[in-house]
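In what follows, a structure is listed as structure tokens, so that the remarks can point back to it.
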Amino acid sequence: MLGHNSLLVGYHQLWMAQTPWGDLPVNDAHVHFFSYKFYSTLARQKKLESAESIGPLLNWEIPPPDSVPLAQSWAAELDRHGVNRAALIASVHGDEESVAAAVAASPDRFFGFFMIDPLQPDALEHVRSAAVNPYLHCMCLFPAMHTYSIADRRLVPMLEIASDHRLAVFVHCGAISVGVRKKLGLVSQFDMRFSNPLDIHPVALHFPQIRFIVPHFGAGFLREALMLADLCPNVWLDTSSSNRWIIYENLDLRAVFRRSIDVIGEARLLFGTDSSFFPRGWNSEIFKQQITALYELGLSKEQAEQILCLNLERVFKPNVGPAQSGTKTSE
Ligand SMILES: [Zn+2]
């Protein structure tokens, strides 16, 4: 899928993936970067000696302490599937350096996202240093996982930094389960009372410069996520994961896309897969399900290109103009 599957536009190579509309550039807004530090944290919680000892329990590959080989594995996965760029999410508090090193190794293939637990005493320090790191683009908050409200005043200094430094802010809402923790039998003391997208409403109004991303269409709070995005033009929804939450509603993926596009249009939907571990790598099955649903809905190639690629570029480069099929580069 190399060569014929990429285009040179200007000075930049634009990777293209096969879709029912023909070849299109695809950016993935949601890929977890399961670094050595991520596995080390799990190992500590599991009372194991090292990150490596987690591997056999999961049948997953544990990367080396240096992030670059894992970044190279992800870049090779993107090449193999013709994916242009992916947001890599550091998935444990304090791991932003792993993702920053990965993005620095391939800055035209990745965006850098990092998890912060704002209740940790060093949270503000981490946000401060991340905000001035050119390889980090988005702060990720998981209120139900870390048991706080997104509207808690203690978050204001961190959100001010995000606003001043043009960091996007990802806020996980809705149903939350962390597959790897379940597989390891680790107890997760999450609190779903902190998972309502409506909690973001006053925050998004207070910080109009921040671009907020709510993953998985609100993961069970579709109506609330759409209300929020309807009222706040600085809110985007990501489409990632199997969207298993659909079982709570009398909906299918097509209907979820239809309702979302009807309410907020296609310009604020960000395609994502929620890919995470190796050897599975990039989850092309999720991609196939979503492009099939969008094609069956009758979306034009231009609309599809916005969701699959251009909108993520616009979140980070607000000056990128309206969609012009096939002519945009990633820089
Ligand atoms: Zn995820």
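FYI, it's all coordinate maths here, none of it is from the lab. This structure is a prediction, so every number in the text was calculated from the model and none was measured. Please note: Cβ atoms are built from the backbone with ideal geometry, for glycine as well, and neighbour counts cover all protein chains shown.
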Could you check the simple spin-label distance between Val263 and Asp230, using points 7 Å along Cα→Cβ, in nm with one decimal? 0.6
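Report, in deg cm²/dmol and to the nearest 500, the calculated mean residue ellipticity at 222 nm for the chain, where each DSSP H run with n ≥ 4 adds -39500 (n - 2.57) and the sum is divided by the residue count. Spell out each step's value before the answer.
On the way: 14 runs with 118 residues, N = 331.
Roughly -10000 deg cm²/dmol at 222 nm, from the helical runs in the chain.
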Farthest toward the dipole's positive end in the chain, which of Thr273, Ala101, Val256, given Cβ charges of +1 (Lys, Arg) and -1 (Asp, Glu) about the Cα centre? Val256
Sequence-separation-based contact order of the chain, relative, with Cα cut under 8 Å and 6+ spacing, percent: 19
Starting from the Cα of Ser149, move 7 Å in the Cα-to-Cβ direction to define the label point; list residues of the stretch 162-194 whose amide nitrogen is under 18 Å from there. 171-174, 191-194
Taking the alpha-carbon centroid of each part, what is the distance from the stretch 24-72 to the stretch 246-306 in angstrom? 26
Estimated FRET transfer efficiency (Val132, Ser73; beta-carbon r; R0 35 Å; 0.05): 0.80
So for the pair Leu297, Lys317, with labels modelled 7 Å out along Cα→Cβ, what separation do we get in nm? 2.6
Among Tyr39, Tyr295, Tyr248, the residue with the largest mean-square fluctuation in a Gaussian network model of the chain built from Cα contacts under 10 Å is Tyr248
Using a Gaussian network model on the chain with a 10 Å cutoff between Cα atoms, which of Leu237, Leu124, Leu48 fluctuates the most? Leu48
Taking R0 as 35 Å, what FRET efficiency do you get between Arg44 and His165 from their Cβ-Cβ distance, rounded to the nearest 0.05? 0.65
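Sequence gap at least 6, Cα distance under 8 Å: using those rules, report the relative contact order of the stretch 220-272 to the nearest whole percent. List each step's numbers first, then the result.
Details: 36 pairs, mean separation 26.6, N = 53.
The normalised contact order for the stretch 220-272 reaches 50 percent.
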Lysine pair number, Cα distance threshold 19 Å (strictly under), the chain, separation 8 or more or different chains: 11
Under 5 Å from the placed amide H of Phe170, counting only residues 5+ away or on other chains, we find Met139, Cys140, Leu141, Ile213
Can you give the translational diffusion coefficient of the chain in µm²/s, computed by Stokes-Einstein from the Kirkwood radius over Cα pairs at 37 °C and 0.692 mPa s? 165
At 7 Å along Cα-to-Cβ for each site, give me the label-to-label distance between Gln18 and Lys182 in nm. 3.2
Mean-square fluctuation check for the chain, GNM, Cα pairs under 10 Å: which of Cys173, Cys138, Cys232 is largest? Cys232
Tell me, Lys37, Lys182 in order of fewest to most beta-carbon neighbours within 10 Å? Lys182, Lys37
Order of 88-95, 20-27, 281-288 by packing, highest average Cβ count within 10 Å first? 88-95, 20-27, 281-288
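In the neighborhood of Leu58, defined by Cβ-to-Cβ distances under 12 Å, what is the net charge if each Lys or Arg adds +1 and each Asp or Glu adds -1?
Details: positive: Lys46, Arg181, Lys182, Lys183, Arg280; negative: Glu52, Glu61.
That works out to +3.
Just how large is the dipole of the chain about the Cα centre, in debye to the nearest 20, putting +1 at every Lys and Arg Cβ and -1 at every Asp and Glu Cβ?
Working: 28 positive and 34 negative charges, 83 e Å.
Its charge dipole is roughly 400 debye.
Tell me the net charge near Glu96. Cut-off is 15 Å between Cβ atoms, Glu96 excluded, with +1 for each Lys or Arg and -1 for each Asp or Glu. Let's see the in-between values first.
Values: positive: Lys37, Arg128; negative: Asp95, Glu97, Asp117, Asp122, Glu125.
Neighbour charge sum, excluding Glu96 itself: -3.
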